[in-house]
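Below is one structure, written out as structure tokens; the observations come after it.
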Amino acid sequence: MGTDTKSYRPLAKSGIASVLRHDLPASLVVFLVAVPLSLGIAVASGAPLAAGLIAAVVGGLVAGSLGGGAVQVSGPAAGLSLVVAELVTTYGWRATCMITLMAGALQLLLGLFRVARAALAVSPAVVHGMLAGVGVVIALSQLHVVLGGSPQRSAIGNLVELPQQIIHNHSHAVFVGLLTIAVLVGWTRLPRRLRIIPAPLAALFVASATAGAFGWDVTRVDLSQSLSEWATPIWPRGDWHGIIGAVLLVALLAGVESLLSSVATDKLHDGKRSDLDRELTAQGVANMVTGALGGLPIAGVIVRSTTNVRAGARSRWSTVMHGLWILVFAVCLGWTITLIPMEALAALLVFIGVQMVNVGHLRNLRGHGEIPIYVVTMAGVVLVGLAEGVLLGFGLAMLSALRRLTWITVRAKPESDGRWHVLIGGSLTFLGVPRLTSELRAVPAGAAVELDLNIDFMDNAAFEAIHTWRHDHERGGGTVDIDEIHDEWYAMAASGARMFPAKTPPRAPERWWLPWAHRRRGRPAPASSLVPAQHSPAEGSPAVPDLLAGAREFHRRTAPLIRPFLLAMARKQDPSHLFITCADSRVVPNLITASGPGDLFTVRNIGNLVPRLGAAPPDDSVAAAIEYATGALNIRTITVCGHSGCGAMATLLSGYEKATELPALSRWLHHGNHSLARFIATESDGVDDGPLDRLCRVNVIQQLENLRTYPQVDRLVRAGRLQLVGLYFDIGTARVHVLEQPPLTASPL
């Protein structure tokens, strides 16, 4: 039920000025779209044409005024046409109206019990597949009308008879149909000023005018017969099981389509989200009214809702007024409908049916592996029936979900040092035990094994399989080191703890914050096992192996935890802090601030220096970060963080003696001369930890003042939109202090 719009329209309060400026024009556009669609859906449903107009009026006046969405438009839906056609054939039109009324009562009851959200649990693959199947059936049946013939009772029958229908086609009917489709296809390529008239209305007008001008032999819409068929609903006769099933089918299909349309419509604007329970209740009332008046079943429809938003609607008044315009049209101008060729309406339905097979939905479903559900649902609707196709798709969706819940990943491979690494991921149930034991059997006896359990559930059968294998392997002289990345399912089961219904809360991976040397478990991996030969480091250097081993550990332990968050921010960063700190390896910004991905926009340099604007020697690296953070990222805080025992400050105190052989470092540290001058001019801050660490704190305050030399920073600070913060990290005590300007005081966090 998704849309392809890329603009988001804000919703305003429905004042008189807003209604006249936005909602009134939008209601006229939606009215022009709704009339031909309502007539076409009535034709596809085998119902009187007046039933489509009645449903459109009720959808606007009743569902529009009572609904839970501000811009949702309700009316007869193409997705329900197959159900209605089958009901009309089985029970008759008046009994179908009673089924619609009862379905509305059921929707009203469900809405009052606030179960609307449960309808969203239906797989979108099933819904899209159902709509695609309905579209195929509509297109196949109405194609016969376009060719001047009559549709068969089934999609297969329509497909089988299609070649003969093409051979014996009625030329005038074909001309009208092709002309209608040509206008529908070409209308989007016209200049925008000409597209004020909706494509369906333009296509019917052109087809009707052309057929009349050339005197073509076509079938005209007979509205008088349609009106004579209108009557009050009667109780359906037949098996009560079938009647109950029909009521449930209409209620659920119309309800699900309405709710999914509400969710999709909410994506088109940034106003208040739809109240789904209220929307379902309104749909129920509207279906009771349309059933009593002899109209088609009503549902929220995405095409008219999207048109409403794009036309500028801001409140529900647009929906209500569009229903009023349809009522005025039906009463005052209904005679114009008789000018429309039935072949033109059929061509419009063929076009709508083809559009219901949305390729964009296939692209979305492909990434989630749900195309089989879509195809099975669509094939079931086309070949068997609507209800059967939906049940087939729903059953396959349930089986697919069960398969995913029970699917496990087992990888066992030897390392270069003779150890074996085994990774087990997924949900461990008895269904995965055969594969689990098969993979574990590949581990040779006597091997040292690292077993990583990246699982979210383990039942008793899976635990027994792993536990038994572990004991057998250890009795054979091997070792098994089990590490659980998420919940401690194995540890709890082994200890005899109760596993149901409680689950242990997710925990962060152990040892992620420790230095590499403390995470080697006493067995540093050889360099050749982790890096290609042509890039091997110097002999005895553990740097590259540690780095690559750390990346591998990140993939095993941390990546599964943070992947959902990184995926959400993959296209855009939105940090709140610019964090300027020293390049010292002992300072880890995310560790000392307990921040995660996307929180800090970080600049690191020797001495956490901020060169003053225009200072010599020139350096744009820090200035560029400040400019980008304040101008593009709209950060709210700039933090300068110094630390104890800073080597850069020690070099300043020694008069650059330590930098005589490092000319670039010497030039860079000239940006710290203001800090040194401030240090000499100020008295002790009362913290007796030596001159070096006092200079480290003074340097932080000086860099905060250097930031004010940048006009953008100074302007934002004066406006209260930016805060400057100084931090000092005492490495020995692992304490972070906030530094205040002046006097220099350190208050622990």
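Along the charge dipole of the chain, which of H643, L268, L591 sits closest to the positive end, that is, farthest toward it, with unit charges on the beta carbon of Lys, Arg, Asp and Glu (+1, +1, -1, -1)?
Of the options given, the answer is L268.
Given the Cα atoms of segment 601-691, and with Rh set as the inverse mean 1/r over their pairs in the Kirkwood sense, what is Rg to Rh to two decimals? Kindly include the intermediate steps, with their values, before the conclusion.
Details: Rg = 14.8 Å, Rh = 14.8 Å.
The Rg/Rh ratio comes out at 1.00.
Given the alpha-carbon gyration tensor of segment 357-440, what are the semi-axes of its equivalent ellipsoid in whole angstrom, ordered largest first, with each equal to the square root of 5 times an eigenvalue?
Each semi-axis is the square root of five times an eigenvalue, giving 38, 16, 8 Å.
Share of Cα-Cα pairs in segment 269-360 beyond 19 Å, in percent?
Percentage above 19 Å: 60.
Return the sequence-ordered ³J(HN,Hα) values of segment 585-591 in whole Hz as given by the Karplus equation 6.51 cos²θ - 1.76 cosθ + 1.60 applied to θ = phi - 60°, using x for Gly and Pro.
For segment 585-591, the Karplus-derived couplings read 5, 7, 9, 10, x, 5, 6 Hz, x marking Gly and Pro.
For segment 619-681, report the accessible area per residue in Å² (1.4 Å probe, heavy atoms, rounded to an integer).
It amounts to 47 Å² per residue over segment 619-681.
In square nanometres and to one decimal, what's the mean projected area of the convex hull around the Cα atoms of the chain?
Across all orientations, the chain yields a mean hull projection of 46.0 nm².
Tell me which of Q142, I197, A95 sits at the most positive position along the dipole axis of segment 95-218, charges placed on C-beta atoms (Lys, Arg +1; Asp, Glu -1).
I197
If segment 319-392 were replaced by its equivalent ellipsoid, with semi-axes equal to the square roots of 5 times the Cα gyration tensor eigenvalues, what would those be, largest first, whole Å? Before the final figure, lay out each step's value.
Numbers: eigenvalues 263, 53, 34 Å².
They are 36, 16, 13 Å, listed largest first.
Please report, as a whole percent, how much of the solvent-accessible surface of segment 26-92 comes from carbon and sulfur atoms (probe radius 1.4 Å).
Values: 900 of 1300 Å².
About 69 percent, which is the carbon plus sulfur part of the accessible surface.
With all protein chains present, calculate the accessible area of V698 using a 1.4 Å probe and round the result to the nearest 10 Å².
Rounded to the nearest 10, that gives 0 Å².
Set Lys and Arg Cβ to +1 and Asp and Glu Cβ to -1, take the dipole of the chain about its Cα centre, and tell me which of G60, M378, H737 lies farthest positive.
Positive-end residue among those listed: G60.
Diagonalise the Cα gyration tensor of segment 560-627 and give the resulting equivalent ellipsoid semi-axes, square root of 5 times each eigenvalue, largest first, whole Å.
So the equivalent ellipsoid measures 27, 15, 8 Å along its semi-axes.
Return one quarter of the surface area of the convex hull spanned by the alpha-carbon atoms of segment 86-156, equal to its mean projected area, in nm². Can you show the working numbers first?
Details: hull surface 26.2 nm².
Projected over every direction and averaged, the Cα hull of segment 86-156 covers 6.5 nm².
Based on alpha-carbon centroids, what's the gap between segment 641-715 and segment 121-142 in Å, whole number please?
70 Å
Calculate one ³J(HN,Hα) per residue across segment 420-428 by plugging θ = phi - 60° into the Karplus curve 6.51 cos²θ - 1.76 cosθ + 1.60, and present them in order as whole Hz with x for glycine and proline.
10, 10, 10, 10, 10, x, x, 10, 8
Per-residue accessible area for L293 at 1.4 Å probe radius, Å² rounded to 10?
Roll a 1.4 Å probe over it and L293 shows about 80 Å².
Lysine pairs, Cα distance under 25 Å, 8 or more residues apart or cross-chain: how many in the chain?
The number of close lysine pairs in the chain is 7.
Quick one: grab Rg to one decimal and Dmax as a whole number for segment 156-300, Cα atoms only, in Å.
In order Rg, Dmax, the Cα atoms of segment 156-300 give 21.2, 56 Å.
What do you reckon, how do S258, S171 stack up by accessible area (1.4 Å probe), largest on top?
Highest to lowest solvent-accessible surface, that is S171, S258.
Per residue of the chain, what 222 nm ellipticity follows from adding -39500 (n - 2.57) for every DSSP H run with n ≥ 4, rounded to the nearest 500?
Value at 222 nm, helices only: -16000 deg cm²/dmol.
For segment 543-694, with all protein chains present and a 1.4 Å probe, just round the carbon and sulfur fraction of the accessible area to a whole percent.
Of all accessible area on segment 543-694, carbon and sulfur atoms account for 58 percent.
Accessible area per residue, 1.4 Å probe, Å², for segment 192-318: what's the number?
Here the residues of segment 192-318 average 46 Å² of exposed surface.
Compute, for D217, the solvent-accessible surface of its heavy atoms (probe 1.4 Å) with the complete set of protein chains present, and express it in square angstrom to the nearest 10.
Estimated to the nearest 10 Å², D217 gives 100 Å².
With 5 Å bins from zero, work out the P(r) of segment 43-100 over every alpha carbon pair and list the percent per bin.
Bins of 5 Å from zero give 4, 19, 25, 23, 14, 10, 3, 0 percent of pairs.
The values are calculated or read from the model by the stated rules, or taken from the named source; none is laboratory data. Please read these numbers as outputs of a predicted model, since none were measured by experiment. Methodologically, a virtual Cβ is constructed for each residue, glycine included, from the backbone with ideal geometry; neighbour enumeration extends over all protein chains shown. Just so you know, the surface numbers come from the protein's heavy atoms only, side chains and all, with ligands and any DNA or RNA stripped out. Shrake-Rupley method; radii C 1.70, N 1.55, O 1.52, S 1.80 Å.
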